[in-house]
Amino acid sequence: MRCSDVRQCRETLSSGGLPPEGIREVGSHLRTCPACRAVLLADDPLIGVLTAGESPETPAHLALRIQALVRSGRIQEPLPVWDLWGWWRQSPFPAHAAAAATLVLGLAAGFLMGVDSDRGPGPGMVGRPADPLAALALDALADAPAGSLTESYFSLARQTGQGGI
Amino acid sequence: MSERDDEDLMRAAGKGDAAAFGEIVSRHQAWAWRVAWRFTGDAAEAEDLVQDAFLKVFEAAPRYRAIASFRTYLHRVVTRRCLDWHRKKRPLLSDRIPEPTDPAPQPDAAAQLRDRERRIRSALDELPADQRLAVVLRYYEGLDASTMATAMGRTPKAVERLLARARKALRPRLQTHLG
């Protein structure tokens, strides 16, 4: 590279846009040409970093090392991810409408179920004493002999209407 | 057979195609290596940094969207890894560059070049990490303000301000060493 070529690169060096190969050529010229170095440094002192020399070659084993890690599974294998926002952006309008309708229906159903549960027990349930055997699923104790402790307990529970619970 | 573009390879890598990802690594490792080496000043650290950056790219491949070029995306990943590395390790390049054993003037031209290189590295190392990274991307890789802004997550004006601060800081040292 000649001095005139190097000096033409002044602006591109400072503002960017010169490819790395061109930059390396300018750098090697600047290392041996004090006149160009003085001109370019007066414009932009940071151009002086180019005289620091070449970077070493990329290590030959670097790509192999990365690929070996990927193939060995020592890093997390990429799995397809459910990308909701990406799906939304790429989907056509009918899919948006269907998703919105499903959401509205789901919310409405949930709201109605919530309202229904706030009403308390139905009319047939009010005032009926709870059966402790049914409530506690203690069918095996239904045949407790009269006078036994178990039978006395269930009698007492039925009288108080609390199911012994 | 036509060469597959980077975006196509990334889509394949996102589905677990290790060979496609290997092709991406082969294409872009030189750029990533140069930036990492210039930034850290240490070959072993640069290797780890580049490996880490590419593995991040592989892990993120299923979520990759070709909004911008893959090269722009890789710039961003590598610059982030550089800054993360700096935050964790706070390296001092000048610590790793051996001092000349003979403090007397060196007549040998090669020795003078080595000495100049050491001084420039030392001056660069004293810059804050974001300014140093901006210098590497602009002056060694030739990126323009817009590309640098995308890579560094800043505006083009902010990038130019970083470079202006770096110029101000380095002007006296570089002119002394190189004038």
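The values are calculated or read from the model by the stated rules, or taken from the named source; none is laboratory data. Since the structure is predicted, the reported quantities are computational estimates derived from the model, not experimental observations. Cβ coordinates were reconstructed from backbone atoms using ideal geometry, including for glycine residues, and neighbour counts include every protein chain displayed.
How many residues are under 16 Å from B:VAL135 (Cα atoms), more than 9 Å from chain B (Cβ to nearest Cβ) and in contact (Cβ under 8 Å) with a residue 24 or more places away in the chain when one looks only at the range A:1-25?
Going through the range A:1-25 one residue at a time, the tally reaches 1.
Out of B:ALA43, B:ALA53, which single residue is at pLDDT below 90 and either over 22 Å from A:LEU41 (Cα atoms) or more than 14 Å from the chain's Cα centre (by Cα) (or both)?
It is B:ALA43.
B:PHE70 fails exactly one of the following numbered conditions: (1) within 11 Å of chain A (Cβ to nearest Cβ); (2) modelled with pLDDT of 85 or more; (3) surrounded by fewer than 20 Cβ atoms within 10 Å (Cβ to Cβ). What is the number of that condition?
The failed condition is (1).
Which ones in the range B:116-155 are within 12 Å of B:ARG76 (Cα to Cα), free of Cβ contacts under 8 Å to residues at least 24 places away in the same chain and not in a helix (DSSP H, G or I)?
Within the range B:116-155, just B:ARG154 meets the criteria.
Considering each residue of the range B:1-22, count those that are in a helix (DSSP H, G or I), in contact (Cβ under 8 Å) with a residue 12 or more places away in the chain and facing another protein chain (nearest Cβ under 10 Å), and give that number.
Residues meeting the conditions: 3.
Kindly indicate the residue of the range A:28-40 that is crowded, with 20+ Cβ neighbours inside 10 Å and within 18 Å of B:ARG167 (Cβ to Cβ) and also nearest to the other protein chains (Cβ to nearest Cβ) among those meeting that condition.
Applying the filter and picking the extreme gives A:ARG37.
On the given criteria, is B:GLN112 at pLDDT 90 or above and part of a helix (DSSP H, G or I)?
no
Can you run down the residue pairs with Cβ atoms below 8 Å, 6 or more apart or on separate chains, where the first is in the range B:29-57 and in the same structural domain as B:TYR139 (by TED's automatic domain parsing) and in a helix (DSSP H, G or I) and the partner is surrounded by fewer than 24 Cβ atoms within 10 Å (Cβ to Cβ) and β-branched (Val, Ile, Thr)?
The qualifying pairs do not exist here.
Among the residues in the range A:49-60, are any at pLDDT 85 or above, in contact with a Phe, Trp or Tyr (Cβ under 9 Å, 6 or more places away or on another chain) and either more than 10 Å from every other protein chain (Cβ to nearest Cβ) or crowded, with 16+ Cβ neighbours inside 10 Å (or both)?
Yes, the range A:49-60 contains a residue that is at pLDDT 85 or above, in contact with a Phe, Trp or Tyr (Cβ under 9 Å, 6 or more places away or on another chain) and either more than 10 Å from every other protein chain (Cβ to nearest Cβ) or crowded, with 16+ Cβ neighbours inside 10 Å (or both).
Taking A:VAL70 as the residue in question, decide whether it is at pLDDT below 65 and within 30 Å of B:ASP48 (Cα to Cα). Show your work before the answer.
Details: at pLDDT below 65: no; within 30 Å of B:ASP48 (Cα to Cα): yes.
No; evaluated as a whole, the condition is false for this residue.
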